[in-house]
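The values are calculated or read from the model by the stated rules, or taken from the named source; none is laboratory data. Since this is a predicted model, take the numbers as computed values, not measurements. No Cβ is skipped: glycine too gets one built from the backbone with ideal geometry, and neighbour counts run over all protein chains shown. Side chains included, ligands, DNA and RNA excluded: accessible areas come from the protein's heavy atoms. Shrake-Rupley method; radii C 1.70, N 1.55, O 1.52, S 1.80 Å.
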Amino acid sequence: MRNVLVMDHLHRIEYHRRLPDGALVLEHTEEVVDHGWYIKKGDDWRQQYTRECAYDFMSRAGTKPGLYAISVWRGGERVCTAALRWRPLKE
């Protein structure tokens with residue numbers, strides 16, 4: 001009998017908006033089953049992929065404009081954090 005390793009690609013993405021006083025407020029959280037962060041190696045790729053995912057989610061979620069810190073977690077391990085200045089196309 002052969003053992004099969006099942007990859008768990010469940011990630012939690014947290015969207016924190018930076019307030020004028022510098023504080024961060026959690027605006028959104030989403031859970032995704034996605035392995036895109038591991039297609040290529042390196043922090044540059046993980047940040048680029050995080051921003052692409054964020055643009056997609058934020059445009060659908062009606063997210064307020066502003067500067068965001070977007071953190072991706074897999075279990076208790078942070079995969080990456082990326083900064084994003086969000087300006088929706090339609091307000």
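For segment 62-91, list residues with backbone N below 15 Å from a point placed 7 Å from the Cα of TYR55 toward its Cβ?
Taking a point 7 Å out along Cα→Cβ of TYR55, the residues of segment 62-91 whose backbone N falls under 15 Å are 83-90.
What do you reckon, how do SER71, SER59 stack up by accessible area (1.4 Å probe), largest on top?
SER59, SER71
May I ask you to evaluate 6.51 cos²θ - 1.76 cosθ + 1.60, the Karplus curve with θ = phi - 60°, for each residue of segment 38-54 and list the ³J(HN,Hα) values in order in whole Hz, giving x for glycine and proline?
Ordered by residue, 3J(HN,Hα) equals 10, 5, 10, 8, x, 5, 4, 5, 4, 5, 4, 5, 4, 5, 4, 4, 5 Hz.
For GLU14, tell me the accessible area in Å² from a 1.4 Å probe, rounded to the nearest 10.
Per-residue accessible area (GLU14): approximately 30 Å².
For the chain, what is the accessible area per residue in Å² when the probe is 1.4 Å?
On the way: 6440 Å² over 91 residues.
Result: 71 Å² of accessible area for each residue.
Work from the charge dipole of the chain (Cβ charges, +1 for Lys and Arg, -1 for Asp and Glu, about the Cα centre) and give the residue of VAL72, GLY22, GLY42 farthest towards its positive end.
Positive-most Cα among the choices belongs to GLY42.
Rounded to two decimal places and with Rh computed the Kirkwood way over Cα pairs, what is Rg over Rh for the chain?
Reported Rg/Rh, Kirkwood definition of Rh: 1.05.
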